[in-house]
Amino acid sequence: MNVTGATTEHQRVVSGMRPTGPLHLGHLHGVIKNWIKLQFEYECFFFVADWHALTTHYEEPHVIAENIWDTFIDWLACGINPGSCKLFIQSRVPEHAELHLLLSMFTPLGWLERVPTYKDQQEKLREKDLATYGFLGYPLLQSADVLIYKGGFVPVGEDQISHLELAREVARRFNHLYGKEPGFEEKAHAAATKMGKKNAKIYFECLKQYQENGLVEALERGQAVVSSQGNLSLGDRERLYGYLEGSGKIILPEPHALVTQYSKLTGLDGQKMSKSYGNTIAIRENPEVIEKKIRVMPTDPARVRRMDPGDPEKCPVWYLHKVYSTPEVKDWVVQGCTTAGIGCLDCKKALSDAIIAELKPIQERALEYTNNIRLVKEIVREGCEAARDVAEETLEEVREAMGLATS
Ligand code: TRP
Ligand code: SF4
């Protein structure tokens, strides 16, 4: 993929999760499996968003304290590999907060008021007073979370797309306001010569074609020339990208949402699996409890008696079979359900067996991590340090661009 402002060295993946309760199968299939895949393809930054949790749970901080370490244990047990990604706690990287503050200086209030989740969540969580400064700033803090790492891709559920859009607008505004360093053009030309005569020539040709004729292929070709240069400093690269596009220096590249495919696993009642609906199976749920929860699930209402045929499409049990079962088992369900050849209890047993089997090794690993919490804390301590190093670099550039004293 080659997208404006998100060229190869910016292909970092950033994502966070709020520690507001135990992780469940919706997280496993909707988020974590995707992270596990991404961790081998990109430089990944995954964090527990404890400040974001406080925006809605400021009256119940114990909820956050109780869930932070369990969240990491669940991630690790599911297969997130600390060797391939940085795992950390948002509040332990205070650079996120400084960037949030700086972004707040030029973010119009209307942009935040118009983010749909602002009003939606206030309506949905009526029992909480969310007419707070912190809650209004939620998506701006999220923007800072991503921009501080110059994240290129952000795996999120559909409900978060508007937050990513805000992050993009904020980045654009930032670059527009602060990307025009003195002597930008001269510096860009000097940077181009560092690529060697031949490449500089291609670069300027592409620039001309893109800016005069709007040829996107020329833009992409020019970006490719820049990104293939191993010897350029980050600053020079950003100048060259910015100059190519006709803007100033791109200090904060625009991130892109990666919307997860299974962002809506069905819960026990047929609605989306979510803690707020009380229809979840936790990753660390006891197998007996899983069996029982599935046994009492509603089914196609037409199957009143054992000999009544049913329609799987009207049954939440079937929606979970679709995710959990092999093609053979799925055929067995469809065939057996529509002809009344199997009973719902048989059908449910096959499902709970599959879920329990998937969770068994995860639960075993979770137990090991629980018994070795010092190891978990060490992993996170290292992740926080590594994240801070990257965050501090961005912040230095941001401070300088905004006229603040740098070290
Ligand atoms: N708002 C996200 C959620 O509720 C969590 C989050 C916080 C996040 N900061 C982030 C996700 C940065 C992606 C990137 O799921
Ligand atoms: Fe649902 Fe299975 Fe019963 Fe059919 S047989 S109604 S799919 S539980």
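Here, each number is a calculation from the coordinates, and none is a lab measurement. Treat the numbers as computed from the prediction; the structure is a model and nothing was measured. Glycine also receives a Cβ, built like all others from the backbone with ideal geometry; neighbour counts cover every protein chain displayed.
Tell me which cysteines of the chain come out unpaired when the rule is another cysteine's Cβ under 4.7 Å. That list is Cys78, Cys206, Cys315, Cys337, Cys344, Cys347, Cys384.
Helix 61-78 and the longest principal axis of the C-alpha atoms of the chain enclose an angle of approximately 90°.
So what is the diffusion coefficient of the stretch 284-370 in µm² per second by Stokes-Einstein at 4 °C and 1.567 mPa s, using a Kirkwood Rh over Cα pairs? Reported coefficient: 95 µm²/s.
With the helix formula -39500 (n - 2.57) applied to DSSP H stretches of n ≥ 4, the chain reaches a computed 222 nm mean residue ellipticity of -17500 deg cm²/dmol. The long axis of helix 234-245 is offset from the longest Cα principal axis of the chain by roughly 90 degrees. Directionally averaged projected area (the chain, Cα convex hull): 23.7 nm².
For the stretch 166-281, averaging the sequence separation of C-alpha pairs within contact (under 8 Å, six or more residues apart) and dividing by the residue count gives a relative contact order of 31 percent. Would you work out if the stretch 184-245 is rounded, prolate or oblate? Take a ≥ b ≥ c from the square roots of the eigenvalues of the alpha-carbon gyration tensor; rounded if a/c is under 1.5, else prolate when a/b is larger than b/c, oblate otherwise. In terms of gyration-tensor shape, prolate. Compute the angle between helix 95-104 and the longest alpha-carbon principal axis of the chain, please, reported from 0 to 90 degrees and rounded to the nearest 10. Approximately 70 degrees, to the nearest 10. Counting neighbouring Cβ atoms within 10 Å and putting the fewest first, the residues Asp159, Asp331, Asp300 line up as Asp331, Asp159, Asp300.
Qualifying trypsin sites (Lys or Arg not before Pro) in the stretch 302-344, where qualification requires a DSSP coil assignment and no more than 16 other C-beta atoms within 10 Å, comprise Arg305, Arg306. Pairs exceeding 27 Å between alpha-carbon atoms, taken from Lys37/Lys180; Lys150/Lys180; Lys264/Lys330; Lys322/Lys377: Lys37/Lys180; Lys322/Lys377.
Extension gain, Leu404 to Ser276: 0.36 nm times the residue separation minus the Cα-Cα distance gives 41.7 nm.
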